[in-house]
1. What full-extension length gain, to one decimal in nm, is calculated for residue 79 and residue 58 as 0.36 nm per residue of separation minus the Cα-Cα distance?
2. Bin width 10 Å, alpha-carbon pairs only: give the P(r) of region 3-90 as whole percents, running from 0 to the bin holding the largest distance.
3. For Cα pairs less than 8 Å apart in space and 6+ apart in sequence, what is the mean separation divided by the residue count of region 3-90, i.e. the relative contact order in percent?
4. Quick check: pseudo-label points 7 Å beyond the Cα along Cα→Cβ at residue 71 and residue 22, how many nm apart are they?
5. Given region 124-169, what whole percent of its Cα pairs are spread farther than 12 Å?
6. Order of 58, 140, 80 from fewest to most other C-beta atoms within 10 Å?
7. Two-decimal Rg/Rh of region 12-55 from alpha-carbon positions, Kirkwood Rh?
């Protein structure tokens, strides 16, 4: 990067660190397309890419004071993106495992031996927790976990914003985890896995 460009970038980061929203908007628009392409290479999903991008820029704004220490904005963004991509992959893998277990327990519900007993109890406690959710939150949670709909699909179907869906899913998952911890003889690994729902 030419010296003039480097100095301009440092000034921009300094202004953002001081809370300048116009500078942040400039930063956002100048890096958005390149960062989008980079993340999409790994996710192959428009929805996941946009979610990661949103998380990245929210994190940058919330921790803007740290920008004073950054020399190269592009390297900083790439590192954050790598971490977010890794988190997303881990989250998806764990979520798929938990959902598979929920579906498996539903299919083998009549079984009362060995592991199936554990998953039967787990399934019953999860259903009790879900039943205690407010109606709208319950519907959103079921559409996601049982019907496999994405956040965008739920938002379109219910005619609400994606951010509302995201908040409702977060609240529902938090409640279910807490309920399992308080009411179920469930292993901590299962409760931990629900963190990623």
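1. 6.1 nm
2. 17, 51, 27, 5, 0
3. 40
4. Placing both labels 7 Å beyond Cα along the Cβ direction yields 3.1 nm.
5. On the way: 589 of 1035 pairs.
Counting pairs separated by more than 12 Å, the tail of P(r) holds 57 percent.
6. Going from least to most buried by this count: 58, 80, 140.
7. Using only Cα positions, Rg/Rh for region 12-55 is 1.09.
Read-outs throughout are calculated quantities, based only on the coordinates presented, and are distinct from any laboratory measurement. All figures in this text were calculated on a predicted structure; none of them were measured in a lab. As a convention, Cβ positions derive from the backbone with ideal geometry for all residues, glycine included, and neighbour counts pool all protein chains shown.
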